[in-house]
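Undergrad: So that we are looking at the same thing, I have put the structure below in structure tokens.
The values are calculated or read from the model by the stated rules, or taken from the named source; none is laboratory data. Keep in mind that this is a model prediction, so the values were computed, not measured. Heads up, the Cβs are rebuilt from the backbone with ideal geometry, glycines too, and the neighbour counts pull from every protein chain shown.
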Amino acid sequence: MLIAGNWKMNLMPHEGMMLTHEICMGISDIPSHVDILICPPFTHLAQCSLIIENNESPLLIGAQNCHDSDEGAFTGEISARMLASMGIDYVILGHSERRSLFNESNDFIARKCLAAFKAGLTPIVCIGETLEQRNQGIVNQVIQEQVLSILHHEQIVSSIPAHDIVFAYEPVWAIGTGLAASPEQAEDVHAFIRMQLEEKLGDHASMIDVIYGGSVKPENAKDYFLQPNIDGALIGGASLKAESFLAIAAQA
Ligand code: PGA
């Protein structure tokens, strides 16, 4: 089980440090089969990492994006290699906000995924349909396209047994809206994602975490975790307070 907090562009550094400290303090109550991950803004990563290290905490830390090149003339960008050199474990890729606000394509996300593997980071690849696509009845088609854009990459597929990868199903209409997908709606899509993974990766598909994101809260988390193909959650709003974040993790 993976419980991941996506802080997005929230919290000033001192607030992020306080939150990291509070999570480190509360994590000992969480069962050990649950991995807990925070993904602060780039500017907070070094300080938050230090807090984790000083507390000798099992808390994991990730970034919210990276570039697909190792280095070069890409003003404002940060490479996977740079993140790895800071002791970062994970990187969120292709979040729907990046796909829609920054025009990230499936192909660009696949290249970032490869860069993450090369650097030794675990990518969390976000996929999900818009409300319009759901209403058109093309959820599976959209999801399949997004999953296969990653799994059509021979280099990615051949790297997977040796490298962890996580898929996060986040229906766009459920993100930050309070309109969470029902556990059954989410499970349907997760089962479909698992099938795509099985077709490409065989038995290894069962080793890959497929987590749900979109308005997960302490009140609804448990119903997701009871679903056979839901292996955790990617949490936005409710990850900004230690109390709600840990309350979700406690149910995993
Ligand atoms: P939310 O965000 O939990 O605030 O809906 C989830 C996400 O964007 O990852």
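Undergrad: Identify, please: which residue in region 211-248 is within 14 Å of the ligand (Cβ to nearest atom) and farther than 18 Å from residue 178 by Cβ and is, among those, surrounded by the most Cβ atoms within 10 Å (Cβ to Cβ)?
TA: 232
Undergrad: With respect to residue 104, determine if the residue is under 22 Å from residue 205 (Cβ atoms), among the charged types (D, E, K, R), within 16 Å of the ligand (Cβ to nearest atom) and touching a helix residue (DSSP H, G or I) at 6+ places or on another chain (Cβ under 6 Å). Reasoning before the result, please.
TA: Values: under 22 Å from residue 205 (Cβ atoms): no; among the charged types (D, E, K, R): yes; within 16 Å of the ligand (Cβ to nearest atom): yes; touching a helix residue (DSSP H, G or I) at 6+ places or on another chain (Cβ under 6 Å): yes.
Here the answer is no, as residue 104 does not meet what is asked.
Undergrad: Yes or no: residue 107 farther than 19 Å from residue 164 by Cα, assigned to a loop (DSSP other than H, G, I, E, B) and touching a residue at least 40 places away in the same chain (Cβ under 8 Å)?
TA: Numbers: farther than 19 Å from residue 164 by Cα: yes; assigned to a loop (DSSP other than H, G, I, E, B): no; touching a residue at least 40 places away in the same chain (Cβ under 8 Å): yes.
In short, no.
Undergrad: Another question, then. Report, by residue number, each residue of region 113-157 that is β-branched (Val, Ile, Thr) and over 23 Å from residue 62 (Cα atoms).
TA: Keep residues of region 113-157 that are β-branched (Val, Ile, Thr), which gives 122, 124-125, 127, 130, 138-139, 142-143, 147, 150, 156-157.
130, 138, 139, 142, 143 - these are the residues of region 113-157 that are β-branched (Val, Ile, Thr) and over 23 Å from residue 62 (Cα atoms).
Undergrad: So for region 79-88 (the condition being within 17 Å of residue 168 (Cβ to Cβ) and polar (S, T, N, Q)), does at least one residue qualify?
TA: No: region 79-88 contains no residue that is within 17 Å of residue 168 (Cβ to Cβ) and polar (S, T, N, Q).
Undergrad: Moving to a separate point now. Test residue 157 against the criterion of being among the aliphatic types (A, V, I, L, M) and at pLDDT 95 or above, and give yes or no. Don't jump to the end; show me each part of the working.
TA: Numbers: among the aliphatic types (A, V, I, L, M): yes; at pLDDT 95 or above: no.
In short, no.
Undergrad: Here's a check for you: in region 110-139, which residue that is in a helix (DSSP H, G or I) and in contact with a His (Cβ under 8 Å, 6 or more places away or on another chain) is surrounded by the most Cβ atoms within 10 Å (Cβ to Cβ)? Talk me through it step by step, then tell me what you get.
TA: So in region 110-139, the residues in a helix (DSSP H, G or I) come out as 110-119, 131-135, 139.
Adding the requirement that they be in contact with a His (Cβ under 8 Å, 6 or more places away or on another chain) leaves 110, 112-115, 117.
Values: 110: 24, 112: 25, 113: 28, 114: 17, 115: 22, 117: 20.
The selected residue is 113.
Undergrad: May I ask you to list the residues in region 192-208 that are aliphatic (A, V, I, L, M) and touching a strand residue (DSSP E or B) at 6+ places or on another chain (Cβ under 9 Å)? Even if it seems obvious, please write down each step before you answer.
TA: Of the residues in region 192-208, the ones aliphatic (A, V, I, L, M) are 193, 195, 197, 201, 205, 207-208.
If the condition is that a residue be aliphatic (A, V, I, L, M) and touching a strand residue (DSSP E or B) at 6+ places or on another chain (Cβ under 9 Å), then 193, 197, 208 are the ones that fit.
Undergrad: Let me ask something additional. Tally up the residues in region 216-229 that are touching a residue at least 40 places away in the same chain (Cβ under 8 Å) and not aliphatic (A, V, I, L, M), please. It would help to see each step written out before you state the result.
TA: Within region 216-229, the subset touching a residue at least 40 places away in the same chain (Cβ under 8 Å) is 220, 223-229.
Retained after the next criterion (residues that are not aliphatic (A, V, I, L, M)): 220, 223-225, 227-229.
Residues meeting the conditions: 7.
Undergrad: Kindly indicate which of 232, 213 is in contact (Cβ under 8 Å) with a residue 12 or more places away in the chain and at positive phi. Break it down into steps so the answer makes sense when it comes.
TA: Working: 213 fails: at positive phi.
After applying the criteria, what remains is 232.
Undergrad: Moving to a separate point now. Here's a check for you: in region 68-84, which residue that is in contact (Cβ under 8 Å) with a residue 40 or more places away in the chain and more than 16 Å from the chain's Cα centre (by Cα) is surrounded by the fewest Cβ atoms within 10 Å (Cβ to Cβ)?
TA: It comes out as 70.
Undergrad: Let me ask something else. Where residues in region 1-60 are acidic (Asp, Glu) and closer than 30 Å to residue 229 by Cβ, which of them is farthest from the chain's Cα centre (by Cα)? First the steps, then the outcome.
TA: First, the residues of region 1-60 that are acidic (Asp, Glu): 15, 22, 29, 35, 53, 56.
From the residues that got through so far, the ones that are closer than 30 Å to residue 229 by Cβ too are 29, 35.
Details: 29: 23, 35: 12 Å.
Looking at residues that are acidic (Asp, Glu) and closer than 30 Å to residue 229 by Cβ, I get 29.
Undergrad: Please go through region 144-182 and pick out each residue that is in contact (Cβ under 8 Å) with a residue 24 or more places away in the chain, among the acidic types (Asp, Glu) and more than 16 Å from the ligand (Cβ to nearest atom).
TA: Within region 144-182, 145, 164 qualify.
Undergrad: Which ones in region 199-210 are more than 23 Å from residue 64 (Cβ to Cβ) and either of a type in the set (A, V, I, L, M, F, W, C) or in contact (Cβ under 8 Å) with a residue 40 or more places away in the chain (or both)?
TA: 200, 201, 204, 205, 207
Undergrad: Right, another one. Please pick out the residue among 15, 56, 77, 22 that is within 18 Å of residue 109 (Cα to Cα) and charged (D, E, K, R). Don't jump to the end; show me each part of the working.
TA: Numbers: 15 fails: within 18 Å of residue 109 (Cα to Cα); 56 fails: within 18 Å of residue 109 (Cα to Cα); 22 fails: within 18 Å of residue 109 (Cα to Cα).
Answer to the selection: 77.
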